[in-house]
Amino acid sequence: MITKICLLIIGFALLIIGAELLLKGATMFIKKTKVPEIIVGIFIVALGTSLPEIFLTIKSSLSGNTELILGNAIGSSICNFLLVLGIACVTKPIKLDLKMCEYNLAILAVSVIILGFLSNNMFEIGFLDKKEAVILLLATVFYMGFNVWHGKNTNSKDEKDEKDKKEKNSKNKTKDEDRLTLKSFFTIIFLIAIGGLMLNFGSDFVIDGATYIAKELRVTAEVISLTIIAAGTALPEIVTSIIASKNHNDGLVVGNVIGSNVYNIILLPAIGAIISPIKFDANLNNSLLFLGLITTGMMIRYVGFGDNLMTKKRGIAFITIYILYIAILVV
């Protein structure tokens with residue numbers, strides 16, 4: 001038991017470090033190749049912090065432990081909303097971009113409905129297979145495409161001014177700093193390769209450790225995936241949000257959380273179902289409904305009432321609700 005717990009801890013550490021290295025390599029590549037920042041936010045920040053969940057999904061599908069996939073996806077999303085945002089708010093009150101929240105929360109709400117419908121009523125009840133995976137992948141492509149289109153059409157004057165400043169400052173940099181050199185290329189490849197290997201081994205350790213502990217404690221795999229694994233794989237989001245909050249990057253905090261949740265709900269099940277049919281336990285409907293209520297509640301409270309400030313008190317309330325949620329699952 002002690003050995004498995006140690007492997008579980010090591011697995012989480014590898015997932016976190018691996019995700020950070022892979023994210024650093026990808027970000028460096030974007031900077032060197034002058035890829036637009038909007039692409040960085042959508043395809044790197046949110047996807048980057050979701051890499052642990054993605055690798056766990058792939059490993060779970062390949063090993064046949066598909067009962068972990070949906071629990072991890074739903075549990076991570078709930079953790080992002082309550083624990084990650086809660087900690088970020090306690091660190092510093094967060095100002096919301098209500099327009100960004102409006103369409104992203106709406107897309108997330110629709111994604112939750114789609115997943116619930118596909119899992120319970122579409123094709124084969126209680127399973128997600130390749131047919132459902134195609135629908136979820138199309139939804140993912142739509143989400144990414146919509147964000148790129150929306151981002152390009154809503155660039156503010158402030159963002160343009162910042163770009164102008166960056167262009168002026170870039171003139172003072174050396175040519176090696178501005179272009180993709182041989183040295184920087186190998187650095188990027190190294191970071192991505194090492195990060196990928198860490199994610200691979202970390203996923204193995206977490207799945208093996210969590211499965212063993214679940215059997216020993218006679219706790220269902222769904223509960224383990226909704227709690228331990230979900231909170232563990234959400235650590236990159238927690239670290240990113242705390243740093244972003246301290247640096248006053250409030251939009252990054254909220255965008256990262258909502259974006260990661262959308263990927264969790266539609267991309268993760270799609271990836272898993274393509275590899276192997278995913279079993280959907282009816283007990284997960286309660287957590288899926290809870291996630292839908294949180295999403296709807298945030299839309300009503302902030303977008304509906306035009307309230308663009310998440311205070312420390314609300315952060316404490318979010319964390320408290322999450323602790324109660326975990327307590328109900330365990331008990």
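The values are calculated or read from the model by the stated rules, or taken from the named source; none is laboratory data. Quantities reported herein were computed from a predicted structural model and do not represent experimental measurements. For neighbour counting, all protein chains shown are included, and Cβ atoms are generated from backbone atoms with ideal geometry for every residue, glycine included. Areas reflect the complete protein model, heavy atoms only, side chains present, ligands, DNA and RNA absent. Shrake-Rupley method; radii C 1.70, N 1.55, O 1.52, S 1.80 Å.
Is there any pair linking a residue in the range 94-112 that is open to solvent by less than 20 Å² (accessible area, probe 1.4 Å) to one that is not in a helix (DSSP H, G or I), with Cβ under 7 Å and at least six apart or on different chains, and which? These pairs meet every condition: 94/310; 96/308; 96/310. Which ones in the range 21-38 are of a type in the set (A, V, I, L, M), modelled with pLDDT under 80 and open to solvent by 40 Å² or more (accessible area, probe 1.4 Å)? Within the range 21-38, 35, 38 meet the criteria. Taking residue 187, is it β-branched (Val, Ile, Thr), out of contact with any Phe, Trp or Tyr (no Cβ under 8 Å at 6 or more places or on another chain) and modelled with pLDDT of 70 or more? In short, yes.
For the range 245-288, residues that are touching a residue at least 24 places away in the same chain (Cβ under 8 Å), assigned to a helix (DSSP H, G or I), over 21 Å from residue 98 (Cβ atoms) and not basic (Lys, Arg) total 17.
In this structure, is residue 201 open to solvent by 40 Å² or more (accessible area, probe 1.4 Å) and modelled with pLDDT under 85? Spelling it out, residue 201 is indeed open to solvent by 40 Å² or more (accessible area, probe 1.4 Å) and modelled with pLDDT under 85.
Would you call residue 158 among the acidic types (Asp, Glu) and at pLDDT 60 or above? The answer is no for residue 158. On the given criteria, is residue 76 out of contact with any Asp or Glu (no Cβ under 6 Å at 6 or more places or on another chain), hydroxyl-bearing (Ser, Thr, Tyr) and assigned to a helix (DSSP H, G or I)? No; evaluated as a whole, the condition is false for this residue.
Residue pairs whose Cβ atoms lie under 8 Å apart, sitting 6 or more positions apart in sequence or on different chains, and linking a residue in the range 60-73 that is at positive phi to a partner that is open to solvent by 10 Å² or more (accessible area, probe 1.4 Å) and not in a helix (DSSP H, G or I), are 64/276. Has the range 288-299 got any residue that is at pLDDT 90 or above and aromatic (Phe, Trp, Tyr)? Yes, the range 288-299 contains at least one residue that is at pLDDT 90 or above and aromatic (Phe, Trp, Tyr). Quick one: is residue 58 modelled with pLDDT of 85 or more, in a helix (DSSP H, G or I) and more than 17 Å from residue 192 (Cα to Cα)? Judged against the criteria, residue 58 is a match.
Please pick out the residue among 323, 319 that is open to solvent by 70 Å² or more (accessible area, probe 1.4 Å), assigned to a helix (DSSP H, G or I) and modelled with pLDDT of 85 or more. Within the list 323, 319, the selection yields 323. Among the residues of the range 276-316, the ones that are of a type in the set (A, V, I, L, M), touching a strand residue (DSSP E or B) at 6+ places or on another chain (Cβ under 7 Å) and surrounded by fewer than 17 Cβ atoms within 10 Å (Cβ to Cβ) come to 1 in all.
Would the range 139-149 turn up any residue that is farther than 14 Å from residue 270 by Cα, modelled with pLDDT under 85 and buried (at least 21 other Cβ atoms within 10 Å of the Cβ)? Within the range 139-149, one or more residues are farther than 14 Å from residue 270 by Cα, modelled with pLDDT under 85 and buried (at least 21 other Cβ atoms within 10 Å of the Cβ). Does residue 300 fit the bill of being among the β-branched types (Val, Ile, Thr) and within 24 Å of residue 134 (Cβ to Cβ)? No, not satisfied.
Given the condition modelled with pLDDT under 85 and touching a Gly at 6+ places or on another chain (Cβ under 7 Å), answer yes or no: does some residue in the range 256-276 qualify? No - not one qualifying residue is present in the range 256-276. Modelled with pLDDT of 85 or more and either buried (at least 17 other Cβ atoms within 10 Å of the Cβ) or β-branched (Val, Ile, Thr) (or both): is that true of residue 83 in this structure? For residue 83, the condition - modelled with pLDDT of 85 or more and either buried (at least 17 other Cβ atoms within 10 Å of the Cβ) or β-branched (Val, Ile, Thr) (or both) - is met. Criterion applied to 230, 214 was being in a helix (DSSP H, G or I), open to solvent by less than 20 Å² (accessible area, probe 1.4 Å), out of contact with any Pro (no Cβ under 6 Å at 6 or more places or on another chain) and without any contact (Cβ under 8 Å) to a residue 12 or more places away in the chain, and the one residue passing it is 214.
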